[in-house]
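Take a look at the structure set out below.
The values are calculated or read from the model by the stated rules, or taken from the named source; none is laboratory data. As the structure is a computational prediction, the values presented were derived from the model and not from experiment. Cβ: placed from backbone, ideal geometry, glycine included. Neighbour counts: every protein chain shown. Each accessible area value is taken on the protein alone, full model and side chains, heavy atoms only, with ligands, DNA and RNA left out. Shrake-Rupley method; radii C 1.70, N 1.55, O 1.52, S 1.80 Å.
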Amino acid sequence: MARIVVDPVTRIEGHLRIEAQVDGGFITDAWSSGTMFRGIELILRGRDPREAWIWAQRICGVCTMVHALASVNAVEDALGIEVPDNARLIRNIIAATQTIQDHVIHFYHLHALDWVDVVSSLKADPAKTSQLAQSISDWPKSSATYFKGVQDRISALVASKQLSLFGAGYWGHPAYRLPPEANLLAVAHYLEALQFQKEFIRIHAVLGGKNPHLQTFLVGGMATSLDPNEPNATINPERIDFLLQVAKSAQPFVSQVLIPDVLAIAGFYRDWFERGEGLGNFMSYGAYPRASIKDTADFLLPRGIILGRDLSHVHPVDPGNITEYVAHSWYEYTSGDQTARHPYEGETNPRYTGPKPPYEYLEIDQKYSWLKAPRYEDKAMEVGPLARLLVAYASGQPDVKQLVNSTLAKLKAPPTALFSTLGRIAARALETQLLADRLVGWIEELGNNLATGNLQIHNGEKWDPNSWPETARGFGFFEAPRGSLGHWVEIENQAIKNYQVVVPSTWNAGPRDAQGQRGAYEAALLKTPVADPERPLELLRTIHSFDPCLACAVHVVDARGRTYARTRAGVFGTWG
Ligand code: NFE
Ligand code: MG
């Protein structure tokens with residue numbers, strides 16, 4: 001028996017520590033720990049609810065605007081504000097743009113190197129790489145000369161002995177299976193994806209003034225001016241043309257680069273279609289209102305719950321059934337640490353109980369994470385692209401059904417293959433395609449509103465706090481790139497009395513609850529083979545497939561700083 005400690009897990013946002021028990025070459029138990037405390041929920045207390053989104057958005061620099069959106073949704077819900085159609089469209093456009101960019105960055109820059117051996121790409125024959133590229137896609141950058149150029153860049157990097165972001169990888173690990181040509185192809189696309197995401201996010205520059213942390217959210221709508229006759233308006237016909245042009249750039253990149261790469265890589269790692277899922281319970285709050293923000297039955301990505309991998313039944317989501325436990329988290333509840341609390345009654349009382357640094361292992365029988373443990377009807381849930389896709393598929397969403405069925409046919413895999421590490425990766429890629437296709441339509445709708453004189457962007461009816469009731473409370477849901485995101489706000493005497501955020505990575509990376517039930521990461525790691533405990537590449541594959549974001553999940557870094565426990569397994573590259 002050996003205990004593997006990976007701390008920090010890198011190529012993620014924030015600080016995550018995984019401890020795993022390995023017996024006979026397989027993981028037999030695992031513990032997930034968020035190792036920093038943040039306090040945005042406390043910072044929000046006493047503030048004007050109309051400015052909550054500005055603070056909440058700083059929870060994360062990766063999923064940037066999702067907390068702004070959930071925050072305005074929550075305050076609008078509390079105060080009974082309906083937003084105009086243009087605000088719905090602009091929010092959908094901003095959010096879909098965020099998710100597409102985030103998913104591309106995740107696949108290429110945060111995850112691909114768990115499957116792609118950069119150093120092996122030096123052995124590739126550029127001519128054969130060209131043949132491979134042309135056999136799987138029509139993407140034009142596919143000549144032997146092009147791949148030779150990419151290989152020369154990697155060679156120069158290796159010769160400089162400064163591998164930079166490719167330093168300290170597990171290169172040569174036996175679990176890498178791609179031939180050198182496929183590795184070179186993927187490395188070329190890693191570099192292209194850097195360029196793509198930089199250009200694509202200009203949609204946020206137009207609609208939000210900047211990225212990350214857009215400036216144009218507003219309780220009651222958006223602060224983006226619409227005027228067909230005003231050259232300086234945020235949205236005029238020229239800007240619509242520009243947005244369309246940038247949005248359309250995503251379709252070829254996703255269909256000719258991302259999807260073929262995911263399918264090609266999956267073909268070499270088919271055994272990863274059979275491991276790494278874990279809980280079997282999946283939840284999506286639903287996202288992207290098609291007609292009205294209020295109509296939660298009419299989302300592009302439907303709301304629902306799948307239990308026990310049963311795709312024949314989609315259960316409804318009742319927001320009243322969401323609670324958080326702190327039995328194994330460094331917090332205390334006035335009602336006792338074995339109790340669960342709904343976010344409206346949520347408490348953020350941090351209390352670190354140990355171990356004292358430097359330490360070897362977490363106190364797994366006691367408290368061991370800065371994340372709470374969210375539960376739905378006392379059940380742990382996986383959230384994220386796979387959950388959304390499964391809920392959409394089981395709900396009969398026609399676009400998703402068609403995408404999933406055609407992809408499974410190409411992979412010659414049954415639907416049960418989705419319940420896996422690779423299923424998570426495939427689901428993210430398919431969602432990117434779905435959103436890239438839909439994004440253009442929303443921009444066109446916005447252009448139509450502009451052309452027909454529907455220019456309302458903000459509902460100012462409840463802007464004056466004197467028009468608010470003495471007390472009010474509401475919640476805002478959204479499906480962030482990593483999954484179901486909820487903000488709960490309680491307003492009293494025109495100020496925030498309590499604010500609670502339950503975030504996707506808290507659902508997925510959270511610790512055990514009072515009943516000892518594992519969180520999604522903890523469950524997903526069980527039975528994972530580990531060929532070399534000193535280099536636990538397989539563990540990283542499953543954890544990275546969730547796209548961890550601990551900054552979101554623990555929502556002020558421990559100002560005293562902390563010494564990390566011994567890093568048993570170093571990993572390469574950092575993010576954030
Ligand atoms: Ni910091 Fe986030 C997303 C949110 S995390 S990335 O997506 O909300 O779980
Ligand atoms: Mg919280």
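Please work out whether region 39-131 counts as rounded, prolate or oblate from its C-alpha gyration tensor, where a ≥ b ≥ c are the square roots of the eigenvalues and a/c under 1.5 means rounded, while otherwise a/b larger than b/c means prolate and anything else oblate?
oblate
So if R0 is 35 Å, what FRET efficiency would residue 534 and residue 356 give, r being the distance between their Cβ atoms, rounded to the nearest 0.05? Rounded to the nearest 0.05, the efficiency is 0.85. For a test of the definition: using alpha carbon positions, the gyration tensor, and the 1.5 limit on a/c, classify region 252-365 as rounded, prolate or oblate. Verdict is oblate for region 252-365.
Beta bridges per DSSP, both residues in the chain: antiparallel share near 90 percent.
Comparing Cα centroids, region 342-407 and region 155-210 end up 28 angstrom apart. Computed from phi, the 3J(HN,Hα) profile of region 281-290 under the Karplus parametrisation 6.51, -1.76, 1.60 (θ = phi - 60°) reads 10, 9, 9, 10, 6, x, 7, 6, x, 7 Hz, with x in place of Gly and Pro.
Distance between the C-alpha centres of region 221-261 and region 516-533: 41 Å, rounded to the whole angstrom. As a calculated quantity, the FRET efficiency between residue 315 and residue 405 at R0 = 25 Å, using C-beta atoms, amounts to about 0.65. Count Lys and Arg as plus one, Asp and Glu as minus one, and take only other residues whose Cβ is under 13 Å from that of residue 482; the net charge is then -3. Per-residue 3J(HN,Hα) values for region 111-125, derived from phi via the Karplus relation 6.51 cos²θ - 1.76 cosθ + 1.60 with θ = phi - 60°, read 10, 4, 6, 6, 10, 10, 8, 4, 5, 4, 5, 5, 8, 6, 8 Hz in sequence order (x marks Gly and Pro). Each Lys and Arg Cβ is given +1 and each Asp and Glu Cβ -1; about its Cα centre, region 24-148 then shows a dipole of about 400 debye.
Quick one: with all protein chains in place, what share of the accessible area of the chain is carbon or sulfur, to the nearest percent (1.4 Å probe)? Whole-percent figure for carbon plus sulfur exposure: 52. Measuring with a 1.4 angstrom probe and ignoring ligands and nucleic acids, residue 268 comes out at about 90 Å² accessible.
Please give the net charge around residue 236, taking every other residue with its beta carbon less than 11 angstrom from that of residue 236, where Lys and Arg add +1 and Asp and Glu add -1. Here the charged neighbours net out to -3.
Assuming a ≥ b ≥ c are the square roots of the Cα gyration tensor eigenvalues, decide whether the chain counts as rounded (a/c under 1.5), prolate (otherwise, with a/b larger than b/c) or oblate. Don't skip to the answer; put the middle values down first.
Numbers: a/c = 1.68, a/b = 1.13, b/c = 1.49.
The shape class here is oblate.
Considering only 156, 113, 126, and ranking their Cα positions along the charge dipole of region 86-168 that arises from unit charges at the beta-carbon of Lys, Arg, Asp and Glu, the one farthest toward the positive end is 156. On a per residue basis, region 41-145 carries 29 Å² of accessible surface, using protein heavy atoms and a 1.4 Å probe.
A simple count of charges around residue 245, restricted to other residues whose Cβ falls under 12 Å of its Cβ and scoring Lys, Arg +1 and Asp, Glu -1, yields 0.
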